[in-house]
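J.: My questions all concern the structure below.
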Number of protein chains: 2
Amino acid sequence: MSEDASATSRRNLMAGAAALAPIALIPGGAEAATPNRGALQRVVESQKDDTVARLRDWIANPSIAAEGVNIQGGAEYMARLARDAGFANAQIAPTDGSPGVVATWDVGAAKTLGVYFMYDVKQYDPAEWTSPPLEGRMVDKPNLGSCIVGRGAVNQKGPETAFLAALHALRAAGRQPPVNLVLVCEGEEEIGSPHFQQVVQQERAMAALRRADGVFIPSASQDPSTGGVTLTLGAKGIIECELVSSGEHWGRGPAHDIHSSNKAMVDSPVWRLVAALRTLVSEDGNTPAIDGWFENVRPLTQRERELIALNARNTNEADWKRRNGVRVFIDDLPWQQALERLASQPTVNIEGLVAGYTGPGGKTILPGRAAAKLDLRLVPNMTRAEAERKLNAHLQAKGFGDIVVNVTGGYDPTETDEHSRIVQAEVSVCRRLGIETTLNPRSAGSWPGTVFTSAPLSLPAAQFGLGHGSGAHAPDEYFVIDSNNRRVMGLTGAVMGYIDFMYEMAR
Amino acid sequence: MSEDASATSRRNLMAGAAALAPIALIPGGAEAATPNRGALQRVVESQKDDTVARLRDWIANPSIAAEGVNIQGGAEYMARLARDAGFANAQIAPTDGSPGVVATWDVGAAKTLGVYFMYDVKQYDPAEWTSPPLEGRMVDKPNLGSCIVGRGAVNQKGPETAFLAALHALRAAGRQPPVNLVLVCEGEEEIGSPHFQQVVQQERAMAALRRADGVFIPSASQDPSTGGVTLTLGAKGIIECELVSSGEHWGRGPAHDIHSSNKAMVDSPVWRLVAALRTLVSEDGNTPAIDGWFENVRPLTQRERELIALNARNTNEADWKRRNGVRVFIDDLPWQQALERLASQPTVNIEGLVAGYTGPGGKTILPGRAAAKLDLRLVPNMTRAEAERKLNAHLQAKGFGDIVVNVTGGYDPTETDEHSRIVQAEVSVCRRLGIETTLNPRSAGSWPGTVFTSAPLSLPAAQFGLGHGSGAHAPDEYFVIDSNNRRVMGLTGAVMGYIDFMYEMAR
């Protein structure tokens, strides 16, 4: 998922506090909500090797929407995983793009929980990894323990496998889930979920989701230094697009690459792209300058500012900067203001530039085509449709109507009330386990929660899960299996967290 | 060679003129300068298969300086080619980069001819070719005949092989070359000849070149529609460089790629590069805007304008546009003014842009690094040193001192007098063969002629050769072997052209 990795590294407020129990010993309080929790945990533990084997096999079978890799196969694999976990009714849901999967499990409970899975993963370059990205090798990491390393380990196959393991464990213990379940899965999350709406709108999914009290996507949310969990109440929207300048479409410059000496009499589509890009942002590249971009931007509320201030106090700026290789923030902002900017500001980011010759050394060509890959993050109350319209209108107005805007995906911002049942259940699960929770008003990253939080469903939707992992979209992505860090759950703790969460939602 | 392909397509002034003899039948006039020309031509013809085999083998063994491919091996191959052609004294000339080759052949003649070879070729992408770029496959091309297709076929191995074949033929006919020869070869022409000066400055090369009446590089200069030859009296200089913006060097933005959601609080090295690039040129990308860039630019002389006007009348604008996929020139200039701009204006061209994710689809990252590959063409009396200094000073003055400028190669502009012996010899050879010549005051492309034309050598230096080929730096590069176009020489005609040229220089 395009999740923001920021602000999850909390300063350890409880450091040195003897009161913090090692989490391997579950505090007795957790028993209150999950019946016979100790017995269940023994089942989960006994199934751990099978769970890891399942995760490793899934990592070995990646689906990559951007590259068209293993699309149909990935969906079938996903449906099989759901069936194996107990969903009797798990079916492929065709869309205009990669197929989704819709699985329902009606246990006759009073409550229904919606679950959102992505079965696709981000691209990877094996040359950048220290162990093969599809191998799922177990690697010991300092202060964490034994981790599985592979593409998708934390984003999102690890946490999703842990959720499915919770269902396997309940069945092995002779129980049914305490809530009805509806699982909606997509294979295009990493390209901006262009067809996920089509998955959710299928009548079987819709009928089940209408009864749900909320929807969540499994994630590994524990901070490695504190064990705390940040519960995020919303996320920015996004448009991903490519801006393409070409001689072919412009009618000036060459239709294909020609010898660079001709620049003296032939226009350059590359320079044209540079000029067009330059109009999209302020001189420092930090503020969108697209006509009307801020028209519907809602400033942070007082409550959002309070939560950010709390978050700033409880998170470690130096640690964040070290991990991200960042020395100073925009305008040299202090941590709290940087986090406010992170939550409140729309962005126009260049993910990639590609024109002409990109190999080693040079090549004397005047390229016929240049492209910029952009992602534009949207804050409430901007919408994807508005942003797409305004971007095109801006280019037109600035005289760059020939620049082609290919939007590959995107969705509106999403927001969930902190008082919603799903958020309160997450807080309760953590409280029982002695895990500190922090509310984050908005992730600067994006996930298609709007599919659930907007009409017609208008459901609360959130991300939740214990355990820890990192490296989403980066090399050496990992997920902790056997924790040797007393503040962070391993796989068994993560699985138990989902069991606790289902029982909490069932109340 | 970084040769300008423009203005070589002459309108056929003599179209339909019965006076134009098929060039397969060499007009008797050519006999005047080359003794027993008919006998020699039979020798050349008898050696044709060997010559083609030699060219094919050379194509199969490319040296690519930008990629570090076959550097030492390419130099040794070059030295062997020279020795096989009769240069008793052909030796590797080490430099700080790829080694050159210096070969001398003192036949005791009154005159000495300098010859410049490049043994390196441009990069290629086999996926773009219709036959394998290293195979040297013979392909029939309409209105041309049988052509060898391969990387380096015309740029520059075909013409160079034809020149060596002239020496093989003379020897087989029991003759020595009519001039002393000094051959200087480099393996870095395609990256801007960063060390060619070191090859020429070696004492053995210098001693021989000081006696030379001029230097030339073999080329295939015939226009396929007229058979005419454009003799180019100079060429622009060039700097090739990479501009790199990075968080590491800037001290702002990330030191490596991070999740794009962080754009809201972290600066972007990519946007910084875009802003810096934008200051280098006018808004339309067509006029350099680097501080002081035009200070030493010498306007076209009256004679240069006359030659360009003549050239414009004798060349086919529509044909040029069609071949280059160009609909209109800069500012919608008419042909003659476009050619004046081509000859007279310095350029700042973007050869390539590369930042972040460049594969299919998108990837939500904020890249830590962005690079633009530039070539800047220089006109008299600009110098490479001046341009490099001014580019750096400009970036500094505009506040972009953190952008790193990596200059990979380049040299000053070069000029040769139209009344020099070497140019007049070229005109004479063509005249005897009934081939129309056009003088082009300056190629918009570049070649390191300045190594010869500047002090201390101050020799006239030019490009010359009959025959035809095209596709330098592009896929499906070719060189005509057996012409079925009565206006264009095949390989044998090209070889004879070099024999005629040597006898002409010997007079």
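J.: For the stretch A:342-357, which residues satisfy the criterion of being surrounded by 22 or more Cβ atoms within 10 Å (Cβ to Cβ), facing chain B (nearest Cβ under 7 Å) and under 26 Å from A:LYS122 (Cβ atoms)?
T.: Result: A:LEU342, A:THR347, A:ASN349, A:ILE350, A:GLU351, A:GLY352, A:LEU353, A:ALA355.
J.: Would you be able to tell me the number of residues in the stretch B:99-149 that are hydrophobic (A, V, I, L, M, F, W, C) and not in a strand (DSSP E or B)?
T.: Selection size over the stretch B:99-149: 8.
Table: residues versus (1) within 14 Å of chain B (Cβ to nearest Cβ); (2) out of contact with any Leu (no Cβ under 9 Å at 6 or more places or on another chain); (3) part of a loop (DSSP other than H, G, I, E, B).
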| residue | (1), (2), (3) |
| --- | --- |
| A:GLY410 | yes, no, no |
| A:SER428 | no, yes, no |
| A:ARG431 | no, yes, no |
| A:ILE435 | no, no, yes |
| A:THR438 | no, no, no |
| A:PRO448 | yes, yes, yes |
| A:VAL451 | no, no, no |
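J.: Further question: Please specify each residue of the stretch A:106-123 satisfying the condition of being at pLDDT 95 or above and not β-branched (Val, Ile, Thr).
T.: Once the filter is applied, which keeps residues that are at pLDDT 95 or above and not β-branched (Val, Ile, Thr), the stretch A:106-123 yields A:ASP106, A:GLY108, A:ALA109, A:ALA110, A:LYS111, A:LEU113, A:GLY114, A:TYR116, A:PHE117, A:MET118, A:TYR119, A:ASP120.
J.: Could you tell me how many of the residues in the stretch A:358-393 are open to solvent by less than 20 Å² (accessible area, probe 1.4 Å) and either within 14 Å of A:GLU295 (Cα to Cα) or basic (Lys, Arg) (or both)?
T.: Here the count works out to 9.
J.: For the stretch A:307-336, which residues satisfy the criterion of being away from chain B (no Cβ under 14 Å), touching a Lys or Arg at 6+ places or on another chain (Cβ under 6 Å) and either of a type in the set (Lys, Arg) or not in a helix (DSSP H, G or I) (or both)?
T.: The one that is away from chain B (no Cβ under 14 Å), touching a Lys or Arg at 6+ places or on another chain (Cβ under 6 Å) and either of a type in the set (Lys, Arg) or not in a helix (DSSP H, G or I) (or both): A:ASN316.
J.: Follow-up question, since we're still on this one. Out of the stretch B:284-303, which residues are more than 16 Å from B:LEU378 (Cα to Cα) and away from chain A (no Cβ under 14 Å)?
T.: Within the stretch B:284-303, B:THR301, B:GLN302, B:ARG303 meet the criteria.
J.: Okay, moving on. Could you tell me which of the residues A:ALA166, A:ALA173, A:ALA153, A:ALA127 is modelled with pLDDT of 95 or more and open to solvent by 10 Å² or more (accessible area, probe 1.4 Å)?
T.: Exactly one of A:ALA166, A:ALA173, A:ALA153, A:ALA127 is modelled with pLDDT of 95 or more and open to solvent by 10 Å² or more (accessible area, probe 1.4 Å), namely A:ALA173.
J.: Check A:MET118 against each of (1) more than 14 Å from every other protein chain (Cβ to nearest Cβ); (2) surrounded by 23 or more Cβ atoms within 10 Å (Cβ to Cβ) and name the one condition it does not meet.
T.: Checking A:MET118 against (1) more than 14 Å from every other protein chain (Cβ to nearest Cβ); (2) surrounded by 23 or more Cβ atoms within 10 Å (Cβ to Cβ), the one that fails is (1).
J.: Looking at the stretch B:206-224 only, could you name the residues that are open to solvent by 10 Å² or more (accessible area, probe 1.4 Å) and modelled with pLDDT under 95?
T.: Hits for the stretch B:206-224 are B:SER221, B:PRO224.
J.: If you go through the stretch A:352-368 one residue at a time, do you hit one that is touching a strand residue (DSSP E or B) at 6+ places or on another chain (Cβ under 8 Å), charged (D, E, K, R) and at pLDDT 95 or above?
T.: Taking every residue of the stretch A:352-368 in turn, none turns out to be touching a strand residue (DSSP E or B) at 6+ places or on another chain (Cβ under 8 Å), charged (D, E, K, R) and at pLDDT 95 or above.
J.: Here is a list: A:GLY228, A:GLY285. Which entry is at pLDDT 95 or above and closer than 30 Å to A:SER344 by Cα?
T.: Unique residue meeting the criteria: A:GLY285.
J.: Then there's this: Determine which member of the set B:ARG37, B:ARG137, B:ARG42 is modelled with pLDDT of 95 or more, more than 30 Å from B:ARG431 (Cα to Cα) and surrounded by fewer than 21 Cβ atoms within 10 Å (Cβ to Cβ).
T.: Answer to the check: B:ARG137.
J.: Only one of (1) within 30 Å of B:ASP482 (Cα to Cα); (2) of a type in the set (Lys, Arg); (3) open to solvent by less than 20 Å² (accessible area, probe 1.4 Å) fails for B:LYS236. Which number is that?
T.: Condition not satisfied by B:LYS236: (1).
J.: Report whether or not B:GLY73 is part of a loop (DSSP other than H, G, I, E, B) and more than 14 Å from every other protein chain (Cβ to nearest Cβ).
T.: The answer is no for B:GLY73.
J.: Just one of the numbered conditions (1) among the aliphatic types (A, V, I, L, M); (2) at pLDDT 95 or above; (3) in contact with a Phe, Trp or Tyr (Cβ under 8 Å, 6 or more places away or on another chain) is not true of A:ALA312; which one?
T.: (2)
J.: Working only within the stretch B:399-408, note down all residues that are over 17 Å from B:ASP375 (Cβ atoms) and within 11 Å of chain A (Cβ to nearest Cβ).
T.: B:GLY399
J.: All but one of (1) over 30 Å from B:ASN484 (Cα atoms); (2) among the aliphatic types (A, V, I, L, M); (3) open to solvent by 60 Å² or more (accessible area, probe 1.4 Å) hold for B:ALA82, so report the exception by its number.
T.: Single failed check for B:ALA82: (3).
J.: Could you tell me which of the residues B:GLY469, B:GLY490 is in contact with a Ser or Thr (Cβ under 7 Å, 6 or more places away or on another chain), among the small types (Gly, Ala, Ser) and either crowded, with 22+ Cβ neighbours inside 10 Å or modelled with pLDDT under 95 (or both)?
T.: Exactly one residue qualifies, and that residue is B:GLY490.
J.: Only one residue in A:SER268, A:SER219 is hydroxyl-bearing (Ser, Thr, Tyr) and within 14 Å of another protein chain (Cβ to nearest Cβ), so which one is that? Reasoning before the result, please.
T.: Working: A:SER219 fails: within 14 Å of another protein chain (Cβ to nearest Cβ).
Selected residue: A:SER268, the only one of A:SER268, A:SER219 that is hydroxyl-bearing (Ser, Thr, Tyr) and within 14 Å of another protein chain (Cβ to nearest Cβ).
J.: Restricting to the stretch B:268-289, give me the number of residues that are under 30 Å from A:TRP447 (Cα atoms), in a loop (DSSP other than H, G, I, E, B) and either open to solvent by 10 Å² or more (accessible area, probe 1.4 Å) or touching a Cys at 6+ places or on another chain (Cβ under 9 Å) (or both).
T.: Residues flagged as under 30 Å from A:TRP447 (Cα atoms), in a loop (DSSP other than H, G, I, E, B) and either open to solvent by 10 Å² or more (accessible area, probe 1.4 Å) or touching a Cys at 6+ places or on another chain (Cβ under 9 Å) (or both) within the stretch B:268-289 amount to 0.
J.: Since B:SER2 meets every condition but one in (1) farther than 28 Å from B:ASP375 by Cβ; (2) open to solvent by less than 30 Å² (accessible area, probe 1.4 Å); (3) at pLDDT below 95, which condition does it not meet?
T.: (1)
J.: Within the stretch B:422-431, work out how many residues are open to solvent by 20 Å² or more (accessible area, probe 1.4 Å) and either of a type in the set (A, V, I, L, M, F, W, C) or over 21 Å from B:VAL115 (Cβ atoms) (or both).
T.: 2
J.: Quick check, is B:ARG389 of a type in the set (D, E, K, R), part of a helix (DSSP H, G or I), modelled with pLDDT of 95 or more and more than 30 Å from B:LEU55 (Cα to Cα)?
T.: Yes; evaluated as a whole, the condition is true for this residue.
J.: Can you tell me which condition B:GLU304 does not meet? The list is (1) modelled with pLDDT of 95 or more; (2) not in a helix (DSSP H, G or I), and all the others hold.
T.: (2)
J.: Go through B:ILE481, B:ILE499 for me and flag whichever is touching a strand residue (DSSP E or B) at 6+ places or on another chain (Cβ under 6 Å), under 24 Å from B:ALA165 (Cβ atoms) and open to solvent by less than 10 Å² (accessible area, probe 1.4 Å).
T.: B:ILE481
J.: Moving on to the next point. Give me the pairs, please: first residue somewhere in the stretch B:54-65 and away from every other protein chain (no Cβ under 14 Å) and closer than 16 Å to B:TYR124 by Cα, second residue anywhere and surrounded by fewer than 24 Cβ atoms within 10 Å (Cβ to Cβ) and of a type in the set (Ser, Thr, Tyr), beta-carbon distance under 6 Å, and either six or more positions apart or on two chains.
T.: If the second residue must be surrounded by fewer than 24 Cβ atoms within 10 Å (Cβ to Cβ) and of a type in the set (Ser, Thr, Tyr), the pairs left are B:ASN61/B:TYR77.
The values are calculated or read from the model by the stated rules, or taken from the named source; none is laboratory data. Because the structure is predicted, anything quoted here is derived from the model rather than measured. Note: ideal-geometry Cβ built from the backbone for every residue, glycine included; neighbour counts use all protein chains shown. Surface areas here come from the heavy atoms of the whole protein model, side chains and all, with no ligands, DNA or RNA. Shrake-Rupley method; radii C 1.70, N 1.55, O 1.52, S 1.80 Å.
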